Structures are given as C-alpha cells and as structure tokens.
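Here the structure comes first, spelled out in structure tokens, and everything after it is commentary.
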Amino acid sequence: MHNASIVQHIGSIRGKTLRNLFSHIAERVLWLPLMLFALPGHAERYDDLALCELSAFNGRITTEARCGTLMVPENPALELTPDNAVELAYAVVPARSGQAQPDPVFFLAGGPGQSAQDMAPVMTRALRDIHRQRDLIFLDQRGTGESNRLDCVLDEQASWLNPSPGQAADEILACLAEWSADVRHYTTSEAARDLDRLRSHLGFDEINLIGGSYGTRLGQVYLKMHPERVRSVVLDGVVPMRLALGAEHGPSLDRALETLIASCQADAACGEAFPNLDEAFIKLKQAYPNWVDGPTITITHPRLGEALEMTFSRTVLATALRFLAYDPASQMMLPYLIHEAATTHRPERIAAQAVIVSEQMSDVIALGLNFAVGCAEDWPRWPEATSARQTLLGDSVGELYAEVCPDWPKASVPQDFNDPYTGDTPMLLLSGALDPVTPPSYGSEVDALSANSTHLVAPGRGHIVITMPCLAQIAAQFIEDPQVDELNTDCMTALGNEPFFTDLLGPTP
C-alpha cells in the first residue's frame, strides 16, 4: 500500500548507533555531491515555466527546475470550467547536456499518495546518467503534492501507530467532508489521462516512463491506454495489474522477514550473536497479539528528545518491522531489535523506530488519494478469505478499508482495468530480493505476460532499487537503447546483503 520510495543504497555505515541509524538512512542520498545542477539551455517549450528550487529532507538536498501548472477537468466527462477544474503542478529538470533527446522521462511516484515533485531532488541525482541527455519530468498526481493534495492528519488516537479501524475511519471520513474535490475522479485511470494531457501540452510525441511501487500500476495503465506514446518503460517494485493492492502485504512481509532471519542464522557472526532467532521472532509476535492494546512503555521521542508514553501493541511492532524491512541497511538492524525485544521484554528501541516511520508516512502520503485509489480499485476485489490474517501484519489494510470504503463515494473503474499489459513496448522490470511489499515474484509475473521485457532481481536489496548506482546505470543503458536482451548487468554480481548489526556500535565488518 505504501511506497517508501527513498534511496536504497549507502556506503559503509560502520560505527553508527541504532539511535542515529535511521536518521543516517534518511540522508543516504548524500553519497552524491550536494550541488545544484545548473540549468542548461532549454527548449522553447519551457520558456513559460518559472525557475524554481525543489528540496527533499528538509532542504538538505535540492535541485533547480522549471515549474508550471496545467488546468484539467476534474470530471473528464464534462468541459473544463472554473467549477470543474484541477490545477496540476509539475516540474521539469532539463537535460544537463543542453541538447535533450526528443523523448523525456516521466517519473511516476509511489504510494498511492506520494508527490513526484518531492522525489525530484532524489531521482535527479539517482538518474544522473539518464538526465545527461533527457529531460526529467515530475507531475504531481491529482490529489498529491501541489495538485490539490487530499491531506488528512489523523489525531494521536487514530494515527498510523494506533489505528482502531473505526476511529481512524471516522477521522478519514471527516476529512472527506472538508476537501474541495470530487474524489470519484481521483483514480489511477484519471491520473493516466492527466499524464497524457501534460505530454500533449509540452509537445512530446513519445516519452519514457520510470515508475516505482504504486507508480508501476500507473505506468501500466498509461501503457495500456497509450502504447503508441511510450518508447520504453522501467518499473521498479512491480505491482501486477490483477493485484488488490494491500491484500498480500502480510504474507509478503512474513516471507521477507523469514528470509532475512534465515540469512542471519547462516551468517557466523549474526548466528552467534542471536541464536535461535527464528524462535525469538515467534515469541515476540506471541507476546503482543492485540492490535490496539498492550503494555504502556516510555521512550525518548527520537526527533524531539522528549519522554513519550505510548501503548506498545501489535500495530506498533508490525509498523516498525515492516518499514525497517524496506531498506537493505535498516533490514540489518532487525535481528538485533527482534532478539533484544524477545529476550529482554523491552521493545523500546522498536517503538522508537515505529514513531519515526509513522511520522514520515504522515508527511509523505496524501491519505485521501490513498483511499480514493484503494476504495475504487482494490477494495471491491478484496479476497474474502485472505491468508494475511495469520501474519505479523494481519489484514489491517482490509479491516480499515472495510470501515472507510462503504461510505466513500463510488468511483467508476474501467472494466478492463485489471487486465495485464501484453504488448511489445520494451520494459525493464526491477525487484529487490528482500522486498517486503512487492516481492520478485510480482516482477516475474509481469515479465511472463509482456512480449518484450526483462526482469532483474537485485540480491540482498529491499523495496526500490533504481536508486543504487549499479541499477541506475543499467536503467540508463536501457533507456538509451531499449533492447531487453543486450544489457550489461555485470555490476550486479557485486550486490548482496549489507552486514548485520550485532551490537549497538554498528554492523559487523
């Protein structure tokens, strides 16, 4: 359901403590130089756009761009009028060479609910080889970022960390009544139409698509609608079209954690430091079976430095482990955290991590767009007997949808929405071997259905891998010459797990 589309690669992090590691991870894009790309000569199509500066991580990295807006009809069946309009915000980062190829790259953000413009500083650096010859374009999907963001800030009792489904639903539906939006038209299909409106507005005949997580759904929908407009596609953290997004999060997370635990047990240092880790994980889950209730603990708020009293429930446990499992560096903390909490009955470190990721999700995701997409496209197809119920995460997504979606305005979804794309547009599919939300099997499924694709799995990596230099270079090769059988993937042989944390000083050498 959520895409933590943040940079997946860092260098050595030896010597970092558990307390400051997550802050380090949030800044891991800084392995690239902190500089502003000077805007080269730009095509006349951008003359009307204003110079702007986009930032990420509270301004710690920035990129210069040209920003503009495009008015589109909110309800596509009606004419564009002041009462039927959405102002879409977008940014263009022109090619560094000053001589751009005629087919730019459109970046499709995750979530659903993430702002593409918010990701621009990160992706501009990660895609610097592509950016040399091609403009990068970041359109905030309607309902996100600066495109009439459907924001909803839950109170503390209905937050990401303590979501009694009924209470959280009341908060979300209260936000629904306040938005100036007809949420029936805030779906993936409408976002794909907006994407093509912007392509046409900027005067491009063909474009390339790079999408991550939920953005891979948007990419496939656009590809089915306008295959003649797409030169190449890179999908990272692939979501098959048949999927009810969120229904399989529980089993996927359990598989990723079980694989990670097995890797620890096979590693000499990790296995010695945390014996019988598989049993410890089972005991930890059994110790906190209730989704809302649990023991009251006090932690030091990791951002504010203040004492914070909180209930440590199954929700808190699942939230922390789930989002730490997204990234290969933070994954290596998990054996330590699981062992400590299970053997000492002190889950304070896990709780502190849960607070961090909860706050980040609130900042990153436009909750209203998340439900506009989920209630329209996923909830009507939710499996009645889901295997998620017996997992660490449970069917928490489905339980919340069951409270919200019956009162959500009903949207129209095309009858063929869940049909796969089976055409011959060149597609590069990327997966992380330890991805807890879009496992490699999803990429293999889409690969088998398309007529001209290849699927690469990055060993030891988590969710979203194109931000790693190796995979970014492969993607650049592909977009330069989209031949799926002629890619040089030699750099992938050097990939693997990050070293495990065996104590508070950091990972093993």
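Assessment of the stretch 300-309 against the conditions (over 13 Å from L257 (Cα atoms), without any contact (Cβ under 8 Å) to a residue 40 or more places away in the chain and part of a helix (DSSP H, G or I)) yields no matching residue.
A Cβ distance below 8 Å, combined with a sequence gap of six or more or placement on separate chains, defines the contacts here; from the stretch 251-262, residues that are without any contact (Cβ under 8 Å) to a residue 40 or more places away in the chain reach no residue that is hydroxyl-bearing (S, T, Y) and not in a helix (DSSP H, G or I). Restricting the stretch 477-499 to residues that are surrounded by fewer than 20 Cβ atoms within 10 Å (Cβ to Cβ), part of a helix (DSSP H, G or I) and touching a residue at least 24 places away in the same chain (Cβ under 8 Å), the residue that is nearest to the chain's Cα centre (by Cα) is M492. In the stretch 194-216, of all residues being open to solvent by 10 Å² or more (accessible area, probe 1.4 Å) and out of contact with any strand residue (DSSP E or B) (no Cβ under 8 Å at 6 or more places or on another chain), the one that is nearest to E44 (Cα to Cα) corresponds to G203. Residues in the stretch 70-91 that are in contact (Cβ under 8 Å) with a residue 60 or more places away in the chain and part of a strand (DSSP E or B): L70, V72, V86, E87, L88, Y90. When I466, I474 are checked against the criterion of being in a loop (DSSP other than H, G, I, E, B), modelled with pLDDT of 95 or more and of a type in the set (V, I, T), a single residue qualifies: I466.
The criterion of at least 2 residues that are open to solvent by 30 Å² or more (accessible area, probe 1.4 Å) and of a type outside the set (V, I, T) is met, among helices (runs of 4 or more DSSP H) falling completely within the stretch 315-387, by 334-344, 348-364.
Condition test on T438, is it polar (S, T, N, Q), part of a loop (DSSP other than H, G, I, E, B) and free of Cβ contacts under 8 Å to residues at least 60 places away in the same chain? Considered against the rule, which asks whether it is polar (S, T, N, Q), part of a loop (DSSP other than H, G, I, E, B) and free of Cβ contacts under 8 Å to residues at least 60 places away in the same chain, T438 comes out as no. If you scan the stretch 100-140, which residues turn out to be of a type in the set (D, E) and assigned to a loop (DSSP other than H, G, I, E, B)? Those that are of a type in the set (D, E) and assigned to a loop (DSSP other than H, G, I, E, B): D103, D135, D140.
Summed over the stretch 388-412, residues that are open to solvent by 50 Å² or more (accessible area, probe 1.4 Å) and closer than 29 Å to R229 by Cβ total 1. Apart from one condition, R303 fits all of (1) buried (at least 23 other Cβ atoms within 10 Å of the Cβ); (2) modelled with pLDDT under 90; (3) of a type in the set (K, R); the exception is (1).
The values are calculated or read from the model by the stated rules, or taken from the named source; none is laboratory data. Just so it is clear, the structure is predicted and the values come from calculations on it, not from any experiment. All Cβ positions, glycine included, derive from the backbone under ideal geometry; neighbour counts span all protein chains shown. Just so you know, the surface numbers come from the protein's heavy atoms only, side chains and all, with ligands and any DNA or RNA stripped out. Shrake-Rupley method; radii C 1.70, N 1.55, O 1.52, S 1.80 Å.
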